[in-house]
1. If you roll a 1.4 angstrom probe over the protein chains with everything in place, what fraction of the accessible area of the chain belongs to carbon and sulfur, to the nearest %?
2. So what J values fall out for segment 360-376 if you push phi through Karplus, 6.51 cos²θ - 1.76 cosθ + 1.60 with θ = phi - 60°, rounded to Hz, Gly and Pro as x?
3. Using the scaling law 2.2 N^0.38 Å as the reference, what is the normalised Cα Rg of the chain?
4. At 222 nm, what value in deg cm²/dmol follows for the chain if DSSP H runs of at least 4 each add -39500 (n - 2.57) and the sum is divided by all its residues, to the nearest 500?
5. Specify whether the C-alpha gyration tensor of segment 68-126 places it in the rounded, prolate or oblate class, a ≥ b ≥ c being the square roots of the eigenvalues: rounded for a/c under 1.5, otherwise prolate if a/b is larger than b/c and oblate if not.
6. Apply the Karplus curve 6.51 cos²θ - 1.76 cosθ + 1.60, θ = phi - 60°, to the phi angles in segment 381-394 and return the couplings in whole Hz, x for Gly and Pro.
7. Pick out, from Gly154, Phe132, Phe400, the residue whose Cα sits farthest towards the positive end of the charge dipole of the chain, with +1 on the Cβ of Lys and Arg and -1 on the Cβ of Asp and Glu.
8. Show me 94-103, 391-400 ranked by packing, highest mean number of other Cβ atoms within 10 Å first.
Amino acid sequence: MTGSDPTTATADEAVPGEAPAQVGDSYKWTVLGLAVTALTTGSVVYSGVSVLMPFWKDTYQLSAATAALAATAVQAGPIASMLVLGRAIDRYGERWVVSLTMIAMGITAFIAAASGPSYPMLLLFILVMGAFYGSILPGGQRAITRWFEPGLQGMATGIRQSGLPIGAALAGAVLPALALHHGWTAAVVVQGVAGVLGGVVFGAFYWRAGDTAAVGRKAPVNIRRLASGLIRDRLVRSLLISGLALAALQYVFSAQILIFLSDHLRIPIVTAGFMYSVAQAAGIGGRIGLAWISDHFWPGRRMRSLQWILLVSAPPVAALALLTPGSPRVLAYALCTVLGLLSVGWYPLYLVQVADIAPRHAVASTISFAITLNQIIAAAMPPLFGLLVVTAGYRTSWLFLVAILVLTALQLRRTQALASRTP
């Protein structure tokens, strides 16, 4: 807020990266804890959809491509909602937008479990849950940008983003066993409890942001003008393309790895769920560690770090293409661990870089725009990958993903080289 004194501004009026003085510097750690809690509980709902896909596949007698429509639905939800929710967050603050949408997400899960829906109706409920989930990422990142000084934003974002793999790991560890012994509807009820709990905690304790004193003071962001300006910038456009490729890696791996392990490698579903949890646990370390390494050793060079993540991710994906049912199980564990670290760990670097290029009055809207693009790929790639599996097999499908990663890394490197030569 230009011309404002941060010592007298409310939290919603504060300059990003500067915490209001009257709250105290320690409150930013409370904010970080709440942001992690919201993302963790939201991830139990969001990532839990991929975890439960094998059970829906068996219940409704679906192909791999049709079962992957569940992942498409939960990822398509934020596509429809995130720009609207990001705009609302920029205007009204994080507190109630994030809290109320999380509670609504949990209630939707309860309704889905109680109704025992057909598969098309289940997809509709999943779509709605995904739409409500759309507030958590831009809301939490806006809070980090506001409360943490620039030198700590990478670390804080990494810690906050660890909530996604923590929630996914919890979902992978708990939901398959629960669904196996009590039916998948019981697992969906647990997802609903997680959503409601996360929303209540965030609304109760994140009391500074979104106070009614600040509501309505800000003009709404012009999304079309914002998006046009971002896309016209060559370096920003290259960054967004890199995000699309890494999102393809993340969501293909997340949505398809359980089916690949259980159907193709003949690994028992509970063991496969544990492998998924191990991968997500590695992603927790990746989300914190990769951001810290980049900011500590190559400060201000996150684009280069993203380029290397693209390149380093290609070999383990190629190795998946070579696995057969007779391959040592330890090799599957190792590849899942490495890919969990990379496919999950890239995101904080990307979000902080997007926040850095965002106009200060439209941080949540800019992040929402970038994430919406990612969600389009996240929604499209799992079923396309599943269709390619049906027509060409897993080897061709994994190698296709390798090609995407390598070509994207090369275009990012070329764009950076051109930008460095531009006066």
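The values are calculated or read from the model by the stated rules, or taken from the named source; none is laboratory data. Predicted model only: the values in this text are computed from it and were never measured. A quick note on method: Cβ atoms are made from the backbone with ideal geometry, for glycine too, and the neighbour counts reach across all protein chains shown. Just the protein is used for accessible areas: all its heavy atoms, side chains included, with ligands, DNA and RNA removed. Shrake-Rupley method; radii C 1.70, N 1.55, O 1.52, S 1.80 Å.
1. Working: 10830 of 15890 Å².
Here it works out to 68 percent.
2. 4, 8, 9, 5, 5, 5, 5, 4, 4, 4, 5, 5, 4, 4, 4, 5, 4
3. Numbers: Rg = 20.6 Å, N = 423, 2.2 N^0.38 = 21.9 Å.
Rg over 2.2 N^0.38 Å, computed on Cα atoms: 0.94.
4. On the way: 17 runs with 336 residues, N = 423.
Taking each H run of at least 4 residues, the total per residue is -27500 deg cm²/dmol.
5. On the way: a/c = 4.15, a/b = 1.74, b/c = 2.38.
Verdict is oblate for segment 68-126.
6. Going residue by residue, I get 6, x, x, 5, 4, x, 5, 5, 4, 4, 8, 10, x, 5 Hz, with x marking Gly and Pro.
7. Phe400
8. Details: 94-103: 24.3, 391-400: 16.2.
The densest-packed peptide leads the list: 94-103, 391-400.
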